[in-house]
1. May I ask you to list the residues in the stretch 113-129 that are within 19 Å of ASN62 (Cβ to Cβ), open to solvent by 10 Å² or more (accessible area, probe 1.4 Å) and small (Gly, Ala, Ser)?
2. Cβ-Cβ distance below 7 Å, separation of 6 or more or different chains: which pairs start in the stretch 109-121 with a residue that is at pLDDT 95 or above and assigned to a strand (DSSP E or B) and end on one that is open to solvent by less than 90 Å² (accessible area, probe 1.4 Å) and of a type in the set (Ser, Thr, Tyr)?
3. The conditions are (1) farther than 25 Å from HIS47 by Cβ; (2) open to solvent by less than 70 Å² (accessible area, probe 1.4 Å), and ASP84 fails exactly one of them. Which is it?
4. Scan the stretch 59-70 for residues that are closer than 18 Å to HIS90 by Cβ and modelled with pLDDT under 95 and report the count.
5. Here are some residues: ALA73, ALA56. Which one is more than 22 Å from GLU200 (Cα to Cα) and at pLDDT below 95?
6. Collect the residues in the stretch 176-219 that are open to solvent by 30 Å² or more (accessible area, probe 1.4 Å), β-branched (Val, Ile, Thr) and not in a strand (DSSP E or B), keeping them in residue-number order.
7. Can you tell me which residue within the stretch 95-109, out of those that are closer than 22 Å to GLN66 by Cβ and not hydrophobic (A, V, I, L, M, F, W, C), is most open to solvent (accessible area, probe 1.4 Å)?
Amino acid sequence: MLGSLTPSPPSRCPGLSFPGSPSCLTGAEDGMSQAPGAQPSPPSVYHERQRLELCAVHALNNVLQQQLFTQEAADEICKRLAPDSRLNPHRSLLGTGNYDVNVIMAALQGLGLAAVWWDRRRSLSQLALPQVLGLILNLPSPVSLGLLSLPLRRRHWVALRQVDGVYYNLDSKLRAPEALGDEDGVRTFLAAALAQGLCEVLLVVTKEVEEKGGWLRTD
């Protein structure tokens, strides 16, 4: 696990939801009864909004669909990764976040998960999405000061996750989750992001899927 870290209590969804397992839903599962013949409630998609430079923390929680990590937990991982460094290379010098990929990978490993780099040279048709818990993208993002856009680009972590058969863009800078649709929809989104040339994609998978290479279609 994460050593001395104590993840925050789950906010809405008890337990991790892996591919093929039930998602966190609203309605009857929240103690609300439904009248016979009533339409099922829509899925409840967990989505954290941006605070400070904590997009890595938000992306982790959004891809896992519950609040498992905090800024304090991420800072503790940074200390474990560079215990003898006065200026920690894995986060912002100002202490506002801006965590690098090593923090994300260590956090996932602490939960028994793995992060696999997607080789952009491969065709997205080879991506076995049903075997992937979620995706975390690293994208260039514009910097703004109030209503003023600055001619700068920062790196930004974004989570994609499937809930009840629908893939969502869970970018913490969005006001609400953005539905991408089915597998074709998420492949279209990934193709557009990768076409920019500055996008990196991490596949969040179980250790078993990582070891067997199950995230890659061979047919």
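1. ALA115
2. That search, which allows pairs on different chains as well, returns LEU113/THR206.
3. Every condition holds for ASP84 apart from (2).
4. Number of matching residues: 2.
5. ALA73
6. Within the stretch 176-219, THR188, THR218 meet the criteria.
7. In the first step, residues of the stretch 95-109 are kept if they are closer than 22 Å to GLN66 by Cβ; the result is 97, 99, 101, 103-109.
When the remaining residues are screened for being not hydrophobic (A, V, I, L, M, F, W, C), the result is 97, 99, 109.
Values: GLY97: 2, TYR99: 6, GLN109: 105 Å².
Residue satisfying both the conditions and the ranking: GLN109.
A quick yes/no check of all residues on (1) within 20 Å of LEU60 (Cβ to Cβ); (2) at pLDDT below 95; (3) crowded, with 22+ Cβ neighbours inside 10 Å; (4) out of contact with any strand residue (DSSP E or B) (no Cβ under 9 Å at 6 or more places or on another chain):
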residue: GLN131; (1), (2), (3), (4): yes, no, no, no
residue: LEU135; (1), (2), (3), (4): yes, no, yes, no
residue: ASN138; (1), (2), (3), (4): yes, yes, no, no
residue: GLY146; (1), (2), (3), (4): no, yes, no, yes
residue: ALA159; (1), (2), (3), (4): yes, no, yes, no
residue: ASP164; (1), (2), (3), (4): no, yes, no, no
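The values are calculated or read from the model by the stated rules, or taken from the named source; none is laboratory data. The shown structure was predicted, so the numbers you read here are calculated from the model rather than taken from an experiment. So basically every Cβ, Gly included, is an ideal-geometry build from the backbone, and we count neighbours across all protein chains shown. We work out accessible area using only protein heavy atoms, side chains counted, and drop any ligands, DNA or RNA first. Shrake-Rupley method; radii C 1.70, N 1.55, O 1.52, S 1.80 Å.
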